[in-house]
Amino acid sequence: MNKEMAARKVYNNEPTKSHDCVQSTSNTEQLAASAQTKILGTLAAERLSSLITPISTDHFFKNIWPDNIHYTQHAGALVNDFINQEEFRDLSSLLNIPFKGLSRVNFNNQDDITSKTGLRPEQMLKAYQLFQATIYLQDLQMPLIQSWKESLDTVLNLDPGTSRVGCFISPIGKGHHWHYDPYETIIVQVSGEKRWYLASDDWQRGIGLGHDRMLEYQEWAKCDKSKVPTPEKYQTFDLKPGSVLFIPYGHWHTVENLTESVHLVLNVSRSYLLTGTKP
Ligand SMILES: [Fe+2]
């Protein structure tokens, strides 16, 4: 049994071994709890390592997290196991993953965003196929994702329940105008190719219009786009299946889908305690 399977067993509270010896219940429970914590802690570190490879977690915490961009072209095996789940293999399966919170369909052409929420999976699929809408599913709910969220909270020292995993399904073409998000985000490309444009490090952080949160969409539709700042200097990162990009809080970015694209957003909002804003 590999470590991922072992951890899933522990996560699911399934017994891993029968015991013949007699121990007091409390002692046994303590030992089991300690073993669980150890396995889950190790797995959490290994999952982070898989996201940021080839750099070490030490390097990540000393030099990257939470303020600097990090790009991984080919993530490690644990990330690839994660994105190769059956649920991510086709749009219909993806749209049927249960989620909490918001699902949003954006009928957008850059400057004029019309969005709809609360559509059923088959309606979202039609919107994507007929109108080239972008689909956003917030806070996906499946056991493996729950386990990843707990790992991220553990290894990044976040309050339990902070991390969320959402999903964007996007047609070919340019995405949302330059904006920033008020939380730290790890992007994991599942399928297709997507180009990310990230403002250079000397560009302002977290100022101006354009959070891509639901409340701001109406403001966005009404605002004078000529007043939205556009960074003149930027870096580009091309994400293919298994690529990962860490974007710090407030870092301005925009995207272009080189093909149809599916990516996960692991929102690891360290800033949540400060801003009260969950993705
Ligand atoms: Fe964004």
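The values are calculated or read from the model by the stated rules, or taken from the named source; none is laboratory data. Since the structure is predicted, the reported quantities are computational estimates derived from the model, not experimental observations. A quick note on method: Cβ atoms are made from the backbone with ideal geometry, for glycine too, and the neighbour counts reach across all protein chains shown.
Go over the candidates Ser147, Ser170 one by one and state the one that is of a type in the set (S, T, N, Q) and more than 15 Å from the ligand (Cβ to nearest atom).
Values: Ser170 fails: more than 15 Å from the ligand (Cβ to nearest atom).
Only one candidate qualifies: Ser147.
What's the number of the condition Ala199 fails, among (1) away from the ligand (no atom under 13 Å from the Cβ); (2) among the small types (Gly, Ala, Ser); (3) at pLDDT 75 or above?
With (1) away from the ligand (no atom under 13 Å from the Cβ); (2) among the small types (Gly, Ala, Ser); (3) at pLDDT 75 or above applied to Ala199, the lone miss is (1).
Please verify whether Asp139 is in contact with a Ser or Thr (Cβ under 7 Å, 6 or more places away or on another chain) and either at pLDDT 95 or above or within 30 Å of Glu46 (Cα to Cα) (or both), treating the condition exactly as stated.
Working: in contact with a Ser or Thr (Cβ under 7 Å, 6 or more places away or on another chain): no; either at pLDDT 95 or above or within 30 Å of Glu46 (Cα to Cα) (or both): yes.
Spelling it out, it is not the case that Asp139 is in contact with a Ser or Thr (Cβ under 7 Å, 6 or more places away or on another chain) and either at pLDDT 95 or above or within 30 Å of Glu46 (Cα to Cα) (or both).
For segment 230-272, which residues satisfy the criterion of being within 20 Å of Ile64 (Cβ to Cβ) and modelled with pLDDT under 95? Even if it seems obvious, please write down each step before you answer.
Taking segment 230-272 as the starting set, the residues that turn out to be within 20 Å of Ile64 (Cβ to Cβ) are 234-239, 242-253, 263-272.
Matches in segment 230-272: Pro248, Tyr249, Gly250, His251, Trp252, His253, Asn267, Val268, Ser269, Arg270, Ser271, Tyr272.
Mind telling me which of the residues Leu130, Leu158 ends up being among the aliphatic types (A, V, I, L, M), without any contact (Cβ under 8 Å) to a residue 12 or more places away in the chain and either surrounded by fewer than 21 Cβ atoms within 10 Å (Cβ to Cβ) or at positive phi (or both)?
Numbers: Leu158 fails: without any contact (Cβ under 8 Å) to a residue 12 or more places away in the chain.
Result: Leu130 is the single residue among Leu130, Leu158 that is among the aliphatic types (A, V, I, L, M), without any contact (Cβ under 8 Å) to a residue 12 or more places away in the chain and either surrounded by fewer than 21 Cβ atoms within 10 Å (Cβ to Cβ) or at positive phi (or both).
Could you grab me the full set of residues in segment 96-125 that are at pLDDT 90 or above and out of contact with any Cys (no Cβ under 9 Å at 6 or more places or on another chain)?
Residues satisfying the conditions are Asn96, Pro98, Arg120, Pro121, Glu122, Gln123, Met124, Leu125.
Go through (1) in contact with a Leu (Cβ under 7 Å, 6 or more places away or on another chain); (2) at pLDDT 95 or above; (3) within 17 Å of Leu152 (Cβ to Cβ) for Ala45 and report which single condition fails.
Unmet for Ala45, out of (1) in contact with a Leu (Cβ under 7 Å, 6 or more places away or on another chain); (2) at pLDDT 95 or above; (3) within 17 Å of Leu152 (Cβ to Cβ): (1).
Can you run down the residue pairs with Cβ atoms below 9 Å, 6 or more apart or on separate chains, where the first is in segment 172-184 and under 17 Å from Val228 (Cα atoms) and assigned to a loop (DSSP other than H, G, I, E, B) and the partner is near the ligand (Cβ under 10 Å from one of its atoms) and among the charged types (D, E, K, R)?
The qualifying pairs are His176/Asp212; Tyr180/Asp212; Asp181/Asp212; Asp181/Arg213; Pro182/Arg213.
Considering each residue of segment 175-196, count those that are within 13 Å of the ligand (Cβ to nearest atom), at pLDDT 85 or above and acidic (Asp, Glu), and give that number. Give the derivation first.
First, pick out the residues of segment 175-196 that are within 13 Å of the ligand (Cβ to nearest atom): 175-187, 194, 196.
Among the residues that remain, those that are also at pLDDT 85 or above are: 184-187, 194, 196.
Retained after the next criterion (residues that are acidic (Asp, Glu)): 184.
Looking only at that region, the number is 1.
Per-residue answers, yes or no, for (1) in contact with a Lys or Arg (Cβ under 8 Å, 6 or more places away or on another chain); (2) under 21 Å from Glu46 (Cβ atoms); (3) in a helix (DSSP H, G or I):
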{"residue": "Val79", "(1), (2), (3)": "yes, yes, yes"}
{"residue": "Ile97", "(1), (2), (3)": "no, no, no"}
{"residue": "Asn106", "(1), (2), (3)": "no, no, no"}
{"residue": "Met124", "(1), (2), (3)": "no, no, yes"}
{"residue": "Leu130", "(1), (2), (3)": "no, no, yes"}
{"residue": "Leu144", "(1), (2), (3)": "yes, yes, yes"}
{"residue": "Thr162", "(1), (2), (3)": "yes, yes, no"}
{"residue": "Ile169", "(1), (2), (3)": "no, no, no"}
